[in-house]
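Notes follow the structure.
Nothing in this text is a laboratory measurement; each read-out follows from the coordinates by a stated rule. Model, not experiment: these values are computed from the prediction. Note that we place each Cβ from the backbone using ideal geometry, even for glycine, and neighbour counts take in every protein chain shown.
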Amino acid sequence: MAQFSSGVYVYDAVRSPKARVRKQGGTFADVPAHDLLGQLLIGVRERGLPVDTVGDILIGTSTAVGEQGGNIARAAALWAGWPDTVNAGVVSRLCCSGLDAIETGAAKVASGIADVVVTGGVESMSRVPMMADKPAMAFDDTLGERTGFVTIGVSADLTAARYGFSRADLDQAAVTSHERAAAAPTSDSVVPIKTGEGSFLGADEGPRPGLDLAALAELKPIFGDDPSWKRVANRLPGVARPEVGLHTAATAPALADGAALAVLGSRSAEQALGRKPIAEIVGVAQAAVRSPLLTAPVDAARRALASAGITAAHLDTVEANESFAASVLLIRDQLGIEPAKVNPVGGSMATGHPLGAGGGVLLVNALDHLRRVDGEYALVTIPAALGLGAALVIRRMA
């Protein structure tokens with residue numbers, strides 16, 4: 001099999017632990033987004049990154065308002081003590097923001113615009129709640145009708161019904177996610193985050209091993225009576241609505257705070273960085289479908305695999321964001337991937353989904369698992385509202 005080469009390499013990748021958002025104040029509730037991201041920027045510098053080689057910093061954030069507005073990437077870099085001459089900017093594509101930032105950074109390296117780019121994402125949902133930016137598509141009925149905007153849980157229920165996932169299938173996916181997350185090995189790629197004087201969080205919060213399927217079956221659906229269901233009939237005539245809601249609090253992604261970074265560079269950057277690359281980015285793709293279905297990541301994954309010159313059979317692991325149970329089951333079944341290869345360390349149903357940071361977290365998890373199993377190829381996918389999806393394929397080198 002001929003190997004495709006993009007000329008874009010991953011030299012390092014780190015992430016914070018994911019801290020669950022809680023009503024009484026989560027572990028990262030007192031850590032502003034610039035601090036959370038800044039601690040990772042300090043971390044990659046301490047791991048040996050010569051910051052004077054960095055041509056740009058690109059950070060994804062879904063809700064770019066308030067503390068996450070005003071170019072959080074630049075603010076975090078200055079907070080972390082990086083040189084004033086290092087440029088920085090923000091990418092925002094809803095939940096695809098972090099993966100979009102990585103793909104945009106890869107494009108800069110591939111085009112020769114920059115030799116080294118630091119990319120990733122950050123989301124402090126404790127401090128900047130989802131919908132804090134009051135997007136018009138969600139609050140303006142006229143725009144909502146024209147865009148087909150629905151609560152993403154409605155999209156998940158509709159997708160599950162259309163592709164034949166039962167309530168029992170979805171509940172089992174949640175149990176599996178928690179079991180795998182609870183059993184996940186520790187990783188040197190997870191940078192402990194200081195939360196107060198002498199206090200640090202060093203591991204993901206949320207996994208609950210031993211979840212009982214019978215107990216999950218008693219949970220009430222949370223989107224069955226959502227008012228945005230009325231738009232589905234207008235948007236997708238002939239598509240049947242499920243008789244009852246399918247997803248519950250257990251099969252939805254928990255809210256979380258987190259951040260992730262990847263150091264990308266050309267092959268010639270190896271000398272300046274003083275290290276060899278750990279992986280090559282060999283396939284990238286973004287896709288869009290007529291919302292409210294969550295099928296765009298499948299389209300993006302197929303395009304990314306095709307651009308990498310491989311098939312799903314060559315994959316050693318897949319990190320598919322658990323933006324509801326239906327989304328990960330859809331990737332597994334539509335691409336024909338062995339269940340054991342999909343989210344081997346659990347996912348967002350167990351440990352939470354920090355929106356714009358999600359793509360970077362998935363990339364770190366994929367790289368870690370490839371090393372553990374001595375694998376070669378990994379696929380990363382993530383969906384977003386309004387019918388968006390993104391995918392990336394990497395080939396491990398070390």
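Summary table
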| item | result |
| --- | --- |
| Sorted peptide list for 56-69, 364-377, criterion being average Cβ within 10 angstrom, highest first | 56-69, 364-377 |
| Globularity ratio of region 95-251, using Cα Rg and 2.2 N^0.38 Å | 1.34 |
| Percent antiparallel among DSSP beta bridges (both partners in the chain, rounded to 5) | 70 |
| Inter-part distance where region 186-214 and region 30-89 are each reduced to a Cα centre, Å | 23 |
| Most mobile listed residue (Asp299, Asp52, Asp188) in the chain, GNM with C-alpha springs under 10 Å | Asp188 |
| Region 1-146: relative contact order in percent, alpha carbon pairs under 8 Å with at least 6 residues between | 28 |
| For peptides 381-389, 321-329, 243-251, 266-274, sequence by mean Cβ density within 10 Å, most packed first | 321-329, 381-389, 243-251, 266-274 |
| Shape box of the chain [Cα atoms, principal axes, largest first, Å] | 60, 52, 44 |
| Within the chain, helix-based [θ] at 222 nm, where runs of 4 or more DSSP H residues each add -39,500 (n - 2.57), nearest 500 | -10000 deg cm²/dmol |
| Rg over Rh [alpha-carbon atoms, Kirkwood Rh] for region 22-148 | 1.03 |
| Segments 109-115, 174-180 sorted - mean Cβ within 10 Å per residue, highest first | 174-180, 109-115 |
| Relative contact order %, the chain, counting alpha carbon pairs below 8 Å whose residues are six or more apart | 28 |
| For the chain, built as a Gaussian network whose Cα springs stay under 10 Å, the top-fluctuating residue of Leu362, Leu255, Leu236 | Leu236 |
| Cα-based shape type of region 262-305, given that a ≥ b ≥ c are square roots of the gyration tensor eigenvalues and the cut on a/c is 1.5 | prolate |
| Among Thr195, Thr85, Thr104, residue whose mean-square fluctuation peaks in a GNM of the chain (springs only between Cα atoms under 10 Å) | Thr85 |
| Cα gyration tensor, region 285-328 - rounded (a/c under 1.5), prolate or oblate | oblate |
| Relative contact order %, region 319-381, counting alpha carbon pairs below 8 Å whose residues are six or more apart | 43 |
| Whichever lysines have a C-alpha closer than 18 Å to that of Lys194, once near sequence neighbours (fewer than 8 apart) are set aside | Lys18 |
| Prolate/oblate/rounded label for region 72-111 (Cα gyration tensor, a/c 1.5) | oblate |
